[in-house]
Amino acid sequence: MGRKSLLVVDDSATFRQLLCMSLTRLEGISQSDITQACDGADALRKMQTRDFDLVLTDVMMPNLNGLELVHRVRSELQNKVPIVIISTKGEEAYVEQGMKNGANCYLLKPISLPRLREVVSGLLAM
């Protein structure tokens, strides 16, 4: 896997750091490959000026939640970047809305490193 650019979106700085540390344990991903955003609005701004190979986002965030972020990335930006939702919100309505909006995968927190590896590697190989 060549150099990849990832965007990690979560309003919890602690979870962003944990996710980034987990991602850097995957082959071919270093800290310099990862950009962080504190909410969906921040992520949308970054995606308007730069291309990413993968986006990992939470659902419940201020300013612009993850479900709306996915919707706007697909409808306004017309961007087909793979998007993984990682959330504590596992209710069927959230999962259905996330997938309907265009997410590629919906994972529940806490996520295991093997499952994260499987999903990220699979989507980056596309």
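The values are calculated or read from the model by the stated rules, or taken from the named source; none is laboratory data. Owing to the predicted nature of the structure, the values given are computational and were not obtained by experimental measurement. Cβ sites come from the backbone with ideal geometry, for glycine too, and all protein chains shown count toward neighbours. For the accessible areas, the whole protein counts, side chains as well, though only heavy atoms, and no ligand, DNA or RNA atoms are used. Shrake-Rupley method; radii C 1.70, N 1.55, O 1.52, S 1.80 Å.
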Exercise. Which GluC sites (Glu not before Pro) in region 43-126 pass both tests, a DSSP loop state and at most 13 other beta-carbon atoms within 10 Å?
Worked result: Glu76, Glu91
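Would you count, across region 6-124, every pair of lysines whose alpha carbons are under 21 angstrom apart, provided the pair is eight or more residues apart or spans two chains?
Number of lysine pairs found: 5.
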Exercise. With point charges of +1 on the Cβ of Lys and Arg and -1 on the Cβ of Asp and Glu, referenced to the Cα centre of the chain, which listed residue (Met60, Ala43, Leu7) lies farthest in the positive direction of the dipole?
Worked result: Leu7
Problem set entry | Rounded FRET efficiency, nearest 0.05, which uses the C-beta distance separating Leu18 from Leu108 and R0 of 22 Å | 0.90
Problem set entry | Which label in [x] 94; [y] 150; [z] 202 gives the computed volume of the Cα convex hull per residue in Å³ | [x]
Exercise. Tell me, what is the percent relative contact order of region 6-124, built from C-alpha pairs under 8 Å that lie six or more residues apart?
Worked result: 24 percent
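Kindly report the accessible area of region 6-124 per residue (heavy atoms of protein chains, probe 1.4 Å, no ligands, DNA or RNA), in Å².
Accessible area per residue: 49 Å².
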Seminar exercise, completed: Per-residue ellipticity at 222 nm attributable to helices in the chain (runs of n ≥ 4 DSSP H, -39500 (n - 2.57) apiece, nearest 500 deg cm²/dmol) works out to -13000 deg cm²/dmol
For this session: Over region 6-124, with every protein chain in place, what whole percent of the accessible area is carbon and sulfur at 1.4 Å, could you tell me?
Result: 50 percent
Seminar exercise, completed: Magnitude of the Cβ-charge dipole (Lys and Arg +1, Asp and Glu -1) of the chain about the Cα centre, nearest 20 debye, reported as 300 debye
